[in-house]
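First, the structure itself, so that you have it in front of you.
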Amino acid sequence: MTTTLAGGRAARRQTMRRIRPRRSPAVPLLLAVWAGAAAVLWLWWHNTPAVADLTGQVLGAGRITGLLAGYLMALVVLQMARVPALERRVGSDRVARWHAMSGRYTLSLVVAHVFLIMWGYALQAGKSLGDIVQQTVDSVEQLPDMGKAALGTGLFVVIGLTSIGPVRRRLPYDAWYHVHLLTYAAVFLTFWHQITTGNDFAVEPAAKTFWYGLYGAVTALVLWYRILTPIRLNLRHRMRVEAVIEETPGIVSVLIGGRRLHRMGAEAGQFFRWRFLAPGMRFSSHPYSLSAAPRPDMLRITVKAIGDHSARLRELAPGTKVWAEGPYGALTAQRRSRGKVLLVAGGVGITPMRALFETLPGAAGDITLLYRANTTQDLALWDELAAIAEERGARLMYAVNSPEGERPDISAENLQRKIPDIETHDVFMCGPPGFAQSVFEALREAGVPARRIHHESFEM
Amino acid sequence: MRKSHPVRRVVLATAATVSGVVLLLSLKPASDPAAASAAGAAPQQTAAGQESPQGGARGAAPAGSGTVTGDAAQTQYGAVQVRLTVSGGKITKAEAVQAPKGGLSDQKTQLAVPKLNQEAVAAGTADIDSVSGATYTSEGYKKSLQSALDRMKPASSGTPGGGGAAQARTVTGKTVQTQYGPVQVRITVSSGKITAAEAVQAPKGGLSDQKTQLAVPKLNQEAVAAGTADIDAVSGATYTSTGYRQSLQSALDQAGG
């Protein structure tokens, strides 16, 4: 009796020992960002003796917006530098949302900065707001590096316009992406006028050093993680398509072979950005999750044919070279804080869940997978899931539309009925945004705290 | 996974940014205490109620220039506050930085303040006539003027308008902001002529250093030669030249045209 109890406790301790939730570094990072912004504002404060009249106010506002825009611009680029701490710890989806948000904000600051500074200069020259266009032309012609800055600002505006929701949806992904890459050129072009004409950098050599340091560090991170790291990864692992398998109508798995793939450090739940070196596909890369735990000789992704790119995947010939960047994503076992885990998959969102279902440590009954699809035919990978469930003693449930097409009711009550101790679970979730939102609300209602609901969503 | 509210977010971000910028701008003083002390002017005071630290020691030295602001005097219609520009112990300019506003008061202020300013400069004391029809404003003006004069005393050491007039004296022009930084000119005036001109502030850092080194000596020479602010701009340093001219003009205005 005593021994059994001790054994049970020991076993549980054993399981829990592997569960060490790693906190996302989001909060300290955001604090650092705010501290930097405060330092930038202090720079202005320190260098501005007085704000006398309208001219002073307009120029002051122009300088503040300009300094903040210059600071945030570096961070906007940093967010897309694929720094592992951001991609794997904070989560690629969250960082992408930060990027979109801060990008929009920075662009607004740039526009405000241009308007205010030119208005201020016009006032200084004894002209009025109406002469702002002429003043802008004069300044661009006369001031150092302003030609470059004007060009860069033009690029920013184009990049911003192509990223507005409706415009972006109408553009092919590749076109949008390549326009977006121009950001690097725009940042480079607008950098120099900050140093040569910026009031605060002229007066304060330390500020200039800080600015060079900030932009230099970001450039180094971009070069290292976006260029050198992928080159090294692909030279080392030499991946190729092994086979393409149709799982259900519209969902295909791609098997990818290569050397020592277990050394890439990929975990279940993560994804790579894949570029297939086949005609018409080599110029864009797309994020697809691993749908099985990585093996030394094989990786597998499972993809639903929704876009041009994913539809073309089924025509991939075995032997096609593959260029991958990653692993990225924070939806891994590291997020887990409890012994019991509920995995929720919506449609093709099954891919990372399938990998986690297989690999998350746990005793019989600890792991539950809830799989939502339109019909039973759409339950891709079902046979594998059933086999894993049987082998591990895990629970596998599915929810599909009724024959009349009625949606299943995933409510708090239903969840609690199926999983009575649901509030003690960690929940991992992947699926379309609407589905994820409604499940999130049901889970919260059923008593699962938000910090234990882990999900990934690439909706902006 | 909390519901996102894009519109709310945009409104919040805009409101926070705008109010942050407005707050920062409004917290800055309207005139530059550092520039004034850099100009070496003795009785400069922006905040009411402080004695100039070097004030008492200035007796025979060539009197500096600066501004003195009197206490704000409350009247029935609003506050009146006088600022004096002092040069060589003389009031060269008087202005009201605060005066009653709104409705009838606007007219009265417009009518009375210029007269009071003139009287103050002419009399050099607070013993000036009230402007009829603007009694309250006049009384407030006199009070504020007196407090400004009281502050001047330690510096001017003696009767305003005394023997200093014939001596060489320095006058510092106002600080002019240019695209590259502030420009401020100080001139030495002797019997109505500019004998020296120098820039106490000029754009600094990067390219500006070179331009300043190039332009300022030329501008100084031109200023002395011309005796007016009507001098040629140094090519390649247009903004600095323009700022220089403006500051020079204000110094000349103060020197007592």
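The values are calculated or read from the model by the stated rules, or taken from the named source; none is laboratory data. None of the values given here were measured: they were computed from a predicted structure. Cβ coordinates were reconstructed from backbone atoms using ideal geometry, including for glycine residues, and neighbour counts include every protein chain displayed.
Among residues belonging to region A:97-127 that are charged (D, E, K, R) and within 30 Å of A:Ala26 (Cα to Cα), point out the one that is surrounded by the fewest Cβ atoms within 10 Å (Cβ to Cβ). Give the derivation first.
Kept after step one, since they are charged (D, E, K, R), are these residues of region A:97-127: A:97, A:104, A:127.
From what's left, within 30 Å of A:Ala26 (Cα to Cα): A:97, A:104.
Values: A:Arg97: 17, A:Arg104: 19.
Ranking the candidates gives A:Arg97 first.
Here's another thing I want to ask about it. Being assigned to a loop (DSSP other than H, G, I, E, B) and away from chain B (no Cβ under 14 Å) is the filter; apply it to region A:411-460 and report the residue that is surrounded by the most Cβ atoms within 10 Å (Cβ to Cβ). Explain how you work it out, then say what you get.
Of all residues in region A:411-460, those assigned to a loop (DSSP other than H, G, I, E, B) come to A:411, A:419-421, A:425, A:431-432, A:446-449, A:457-460.
Cutting the leftovers down to away from chain B (no Cβ under 14 Å) gives us A:411, A:419-421, A:425, A:446-447.
Working: A:Ser411: 15, A:Ile419: 18, A:Pro420: 9, A:Asp421: 9, A:His425: 25, A:Ala446: 19, A:Gly447: 14.
Checking each candidate, the answer is A:His425.
Next question. Regarding A:Ala122, is this residue touching an Asp or Glu at 6+ places or on another chain (Cβ under 6 Å) and without any contact (Cβ under 8 Å) to a residue 24 or more places away in the chain? Give the derivation first.
Details: touching an Asp or Glu at 6+ places or on another chain (Cβ under 6 Å): yes; without any contact (Cβ under 8 Å) to a residue 24 or more places away in the chain: yes.
Judged against the criteria, A:Ala122 is a match.
Which residue pairs have Cβ atoms under 8 Å apart, sit 6 or more places apart or on different chains, and have a first residue in region A:305-323 that is assigned to a loop (DSSP other than H, G, I, E, B) and a second that is of a type in the set (Gly, Ala, Ser)?
A:Ala305/A:Gly250; A:Ala305/A:Ala311; A:Leu316/A:Ala278; A:Ala317/A:Ala278; A:Pro318/A:Ala243; A:Thr320/A:Ala278
Right, next: Only one of these conditions is not met by A:Lys321: (1) surrounded by 14 or more Cβ atoms within 10 Å (Cβ to Cβ); (2) not assigned by TED's automatic domain parsing to the domain that holds A:Pro294. Which number is it?
Here A:Lys321 meets the rest and fails (2).
To continue, here is another question. Only one of (1) more than 29 Å from A:Leu331 (Cα to Cα); (2) away from chain B (no Cβ under 13 Å); (3) surrounded by 14 or more Cβ atoms within 10 Å (Cβ to Cβ); (4) at pLDDT below 90 fails for A:Ile19. Which number is that?
(1)
Could you tell me which of the residues B:Ala134, B:Ala120 is at negative phi, touching a helix residue (DSSP H, G or I) at 6+ places or on another chain (Cβ under 9 Å), at pLDDT 85 or above and buried (at least 23 other Cβ atoms within 10 Å of the Cβ)? Before the answer, list the steps.
Numbers: B:Ala134 fails: at pLDDT 85 or above.
Within the list B:Ala134, B:Ala120, the selection yields B:Ala120.
Rundown of residues vs (1) under 28 Å from A:Tyr225 (Cα atoms); (2) among the hydrophobic types (A, V, I, L, M, F, W, C), yes/no style:
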position	(1), (2)
A:Gly326	yes, no
A:Thr332	yes, no
A:Gly339	no, no
A:Thr351	yes, no
A:Leu360	no, yes
A:Ile367	no, yes
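Mind listing whichever residues of region B:232-246 are more than 13 Å from chain A (Cβ to nearest Cβ) and either assigned to a helix (DSSP H, G or I) or within 18 Å of the chain's Cα centre (by Cα) (or both)?
So in region B:232-246, the residues more than 13 Å from chain A (Cβ to nearest Cβ) come out as B:232, B:234, B:244.
The answer is B:Tyr244, and nothing else.
When you look at A:Glu404, is it surrounded by fewer than 19 Cβ atoms within 10 Å (Cβ to Cβ), charged (D, E, K, R) and assigned to a helix (DSSP H, G or I), yes or no? Full working, then the answer.
Details: surrounded by fewer than 19 Cβ atoms within 10 Å (Cβ to Cβ): yes; charged (D, E, K, R): yes; assigned to a helix (DSSP H, G or I): no.
In short, no.
Which residue is surrounded by the most Cβ atoms within 10 Å (Cβ to Cβ), if the candidates are limited to region A:225-237 and must be in contact with a Lys or Arg (Cβ under 9 Å, 6 or more places away or on another chain) and under 30 Å from A:Ile195 (Cα atoms)?
Only one residue tops the list, namely A:Tyr225.
Same structure, new question: Determine if region A:144-151 includes at least one residue that is within 29 Å of A:Leu86 (Cα to Cα), surrounded by 19 or more Cβ atoms within 10 Å (Cβ to Cβ) and of a type in the set (A, V, I, L, M). Walk me through it before giving the result.
Taking region A:144-151 first, the residues within 29 Å of A:Leu86 (Cα to Cα) are none.
The answer is no, given that none of the residues of region A:144-151 is within 29 Å of A:Leu86 (Cα to Cα), surrounded by 19 or more Cβ atoms within 10 Å (Cβ to Cβ) and of a type in the set (A, V, I, L, M).
Give A:Gly346, A:Gly393 a once-over and let me know the one that is under 21 Å from A:Ile422 (Cα atoms) and touching a Pro at 6+ places or on another chain (Cβ under 6 Å).
Numbers: A:Gly393 fails: touching a Pro at 6+ places or on another chain (Cβ under 6 Å).
Result: A:Gly346 is the single residue among A:Gly346, A:Gly393 that is under 21 Å from A:Ile422 (Cα atoms) and touching a Pro at 6+ places or on another chain (Cβ under 6 Å).
Give me the pairs: first residue in region A:141-156 and within 14 Å of another protein chain (Cβ to nearest Cβ) and under 11 Å from A:Phe191 (Cα atoms), second residue at pLDDT 95 or above and part of a helix (DSSP H, G or I), beta-carbon distance under 6 Å, and six or more apart or on different chains, which are they?
A:Ala149/A:Thr190
With region A:161-272 as the region, which helices (runs of 4 or more DSSP H) entirely inside it contain at least 1 residues that are away from every other protein chain (no Cβ under 14 Å)?
Details: elements: A:165-170, A:173-197, A:199-203, A:205-222, A:229-237.
Because the criterion is at least 1 residues that are away from every other protein chain (no Cβ under 14 Å), the helices (runs of 4 or more DSSP H) in region A:161-272 that meet it are A:165-170, A:173-197, A:205-222, A:229-237.
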